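A.B. asks: Below you'll find the structure I mean.
Coordinate-derived values only; no laboratory data. What you see is a predicted model, and the numbers here were worked out from it, not measured in a lab. As a convention, Cβ positions derive from the backbone with ideal geometry for all residues, glycine included, and neighbour counts pool all protein chains shown.
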Amino acid sequence: MAEQAENYDYIVIGAGSAGCVIANRLSADPSVTVALLEAGGPDTNPWIHIPVGYFKTIHNPKTDWCYETEPDPGLNNRSIKWPRGKVLGGSSSINGLLYVRGQREDYDDWAASGLSNWSYNHILPYFKKAEDFEQGGNEYHGSGGPLKVSDMSFTRPICDDFINAVHSMDVPLTNDINGENQEGVGYFQLTAHKGRRCSTAVAYLKPARNRSNLHVITGAHVTRLEFEGKRVSAVNFNHRTQQRRIDCNNEIILCGGAVNSPQLLQLSGVGPGELLQNFGIEVIADSTEVGSNLKDHLQIRTVYKTHKPVTLNDELSSWHQKGRAALQYAVTRTGPLSMAASQAVAFCRTRLSNQRPDIQYHFQPLSADSPGEGLHPFSAFTASVCQLRPTSTGSITIKSVDPLVAPKIIPNYLSTELDCQTAVESIKYTRQIMQASNMAPHIKEELLPDPKAQTDDELLEQARNIANTIYHPTSTCRMGTDATAVTDERLRVNGVEKLRVVDASVMPDIVSGNTNAPTIMIAEYAADMIIEDRQHANRQ
Ligand SMILES: Cc1cc2nc3c(=O)[nH]c(=O)nc-3n(C[C@H](O)[C@H](O)[C@H](O)COP(=O)(O)OP(=O)(O)OC[C@H]3O[C@@H](n4cnc5c(N)ncnc54)[C@H](O)[C@@H]3O)c2cc1C
């Protein structure tokens, strides 16, 4: 029997950090209908909601797209894993829970490039609108918003020692890296509440699920957008064993993230004309930059063995200890299971002549071969360092017309002089921290990088051998005011009608910090624009 035709005013593709915000805000008006299509499943896996469960949900095909990059010359031809959330909440359901907004100058630079409504002063109200800060609202923080933001409750003396060591290098202490000034060292803030993760599915979707005008379909992998002339009119998607289609009366909002949004645009005929023609795809709009300008933060995980058993490797080495931690969490929602991906944070300048921090530390009182793998059977900690504003750019391109085939991810890490220099400087800076009086007594041995590496060339080689993504891809559907930008400043896709992209891919450049909060801010802003445009159209 033919399926009944379905249509909605708005179709939102992807229920990730951005998509859940959009679905909530648009469906708050009962007179419009909204469909939210998510390729992954519901967020019923209990590990999603337990902060430390991060280690169970990444690299797990039930919650992660499990992407891998092409072999990257900048990483000595290593191909690395690139997790992306595939579940309600998207990457906000499997991320490290770290709440970081970036620097004022990031957004003022966007504004200076022509996006005048995206200055820090324009976007700050949207960070605040989203937020329910545990300490209450103030000039920089919001209260009463859907997204719970709390202070780090899980600390360890070794984290305090790291903080004091960085402070001894003239970096100010801070208890709010999201306040007036990002520069400083202290503890992270988290998207968590009372020891539970606050993903956008929890914050935005859960309270809206009972609205009769919002239809959430999980297991719905969108395979193509359909156009009537230049106007997007419908989506095709695989749902369980069926191929389905739903029509759109007004707008489609693509929130697939920095990998999948450019992939779906290209598959649907919006992308670099030559690439599409090579695959026999009809070109709806020759948009050369769809999939270009890929930026990501590359982390160099330095690992140090300690003399004394002061790390979580020691605290959780036996089943008995693990059982006790599980009990502690079950009873009090505290302890190691309530732990986010990192604890201490520092925003530093590798050179004092730099105007603002150019590197970030993620400090963890533990070590493992890679996130998601078991803890080392010896005492050690990890100080991961990444460059905040890399200049290397990569790309996402389809490698098949089959929408189920992953696109080519080419990050091009460490392909510019500045990025190579910063990688070298950041390792040197880390070694200085470890020599400071608060840290030096702990250090038994430098495990990573190789302590034999001393010259700049040797340190760069180490970076190429050990560096990894810290999971922040952006900018593959860059917004801008110039002719080749993928979207305009209201996130409408150039060259077609009634289609917006709203997710991390629209950032004109990567922000100086973790990307979840900025993506949620973008979605809050976009929702206001979409509602404003509808009201404007209704008045005409
Ligand atoms: C392992 C990991 C750790 C991270 N840690 C942090 C952190 O601690 N702090 C921080 O700020 N940031 C962190 N990030 C980054 C941050 O979570 C992302 O930048 C942010 O979630 C991106 O939001 P988005 O809306 O662009 O994409 P996503 O949240 O990834 O959402 C995209 C959604 O679209 C769905 N989708 C994609 N294609 C289709 C399709 N064709 N059909 C239907 N649905 C589709 C996906 O399944 C997904 O649910 C981390 C990311 C990862 C992966």
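A.B. asks: Report the full-extension gain for the segment residue 160 to residue 356: residue separation times 0.36 nm, less the Cα-Cα distance, to one decimal in nm.
C.D. replies: 68.2 nm
A.B. asks: Additional query: Where does each of 264, 88, 447 land when they are ranked from fewest to most other beta-carbon atoms within 10 angstrom?
C.D. replies: 447, 264, 88
A.B. asks: Taking 25 °C and 0.890 mPa s as the conditions, I'd like the Stokes-Einstein D for the range 69-183 in µm²/s, using the Kirkwood hydrodynamic radius from alpha carbon pairs.
C.D. replies: My calculation gives 141 µm²/s for D.
A.B. asks: Continuing with this model, one more query. Quick one: what does P(r) look like for the range 395-474 with 10 Å bins over all Cα pairs, in whole %?
C.D. replies: Per 10 Å bin, starting at 0, the Cα pair percentages come out as 15, 35, 26, 15, 8, 2.
A.B. asks: What Kirkwood radius, in Å to one decimal, follows from the Cα pairs of the range 235-286?
C.D. replies: When all Cα pairs of the range 235-286 are included, the Kirkwood radius is 12.4 Å.
A.B. asks: Moving on. Evaluate the range 253-365: find the radius of gyration of its Cα atoms, find its Kirkwood radius, and give the ratio Rg to Rh.
C.D. replies: So for the range 253-365, dividing Rg by the Kirkwood Rh gives 1.22.
A.B. asks: How long is the gain from residue 279 to residue 77 if the chain were fully straight, where each residue apart is worth 0.36 nm and the alpha carbon distance is subtracted?
C.D. replies: 70.1 nm is the gain from fully extending residue 279 to residue 77.
A.B. asks: Same structure, new question: Test of the criteria: in the range 69-172, which chymotrypsin sites (Phe, Trp or Tyr not before Pro) are in a DSSP loop and have at most 16 other Cβ atoms within 10 angstrom of their Cβ?
C.D. replies: 140
A.B. asks: So for the chain, taking the charge dipole from beta-carbon charges (+1 Lys/Arg, -1 Asp/Glu), which of 386, 19, 340 sits furthest toward the positive end?
C.D. replies: 340
A.B. asks: Let me ask something additional. So if the hydrodynamic radius of the range 452-540 is defined as the Kirkwood radius over C-alpha pairs, what does Stokes-Einstein give as its diffusion coefficient at 10 °C and 1.306 mPa s, in µm² per second?
C.D. replies: D = 102 µm²/s.
A.B. asks: A further question follows. With axes computed from alpha carbons, what is the tilt in degrees of helix 516-539 against the longest principal axis of the chain, rounded to the nearest 10 within 0 to 90?
C.D. replies: Between the helix axis and the principal axis of the chain, the angle is about 20 degrees.
A.B. asks: Report the charge-dipole magnitude of the range 399-439 in Debye, nearest 20, computed about the Cα centre from +1 at each Lys and Arg Cβ and -1 at each Asp and Glu Cβ.
C.D. replies: 120
A.B. asks: Filter the GluC sites (Glu not before Pro) in the range 169-267 to those in DSSP coil with at most 16 other Cβ atoms within 10 Å of their Cβ, and list the result.
C.D. replies: 180, 183
A.B. asks: Tell me whether the range 1-152 comes out rounded, prolate or oblate; compute the Cα gyration tensor, take square roots of the eigenvalues as a ≥ b ≥ c, and use a/c under 1.5 as the rounded threshold.
C.D. replies: Rounded.
A.B. asks: Provide, as a two-decimal number, the C-alpha radius of gyration of the range 312-388 over 2.2 N^0.38 Å, N being how many residues it has.
C.D. replies: Expressed relative to 2.2 N^0.38 Å, the Cα Rg reads 1.38.
A.B. asks: Using just the alpha carbons, could you tell me how many Å³ per residue the convex hull of the chain encloses?
C.D. replies: 150
A.B. asks: Now a separate question. Working from the pairwise distances between different alpha carbons, so that the mean of 1/r is found and then inverted, what is the range 496-540's Kirkwood radius in Å?
C.D. replies: Kirkwood hydrodynamic radius for the range 496-540: 12.0 Å.
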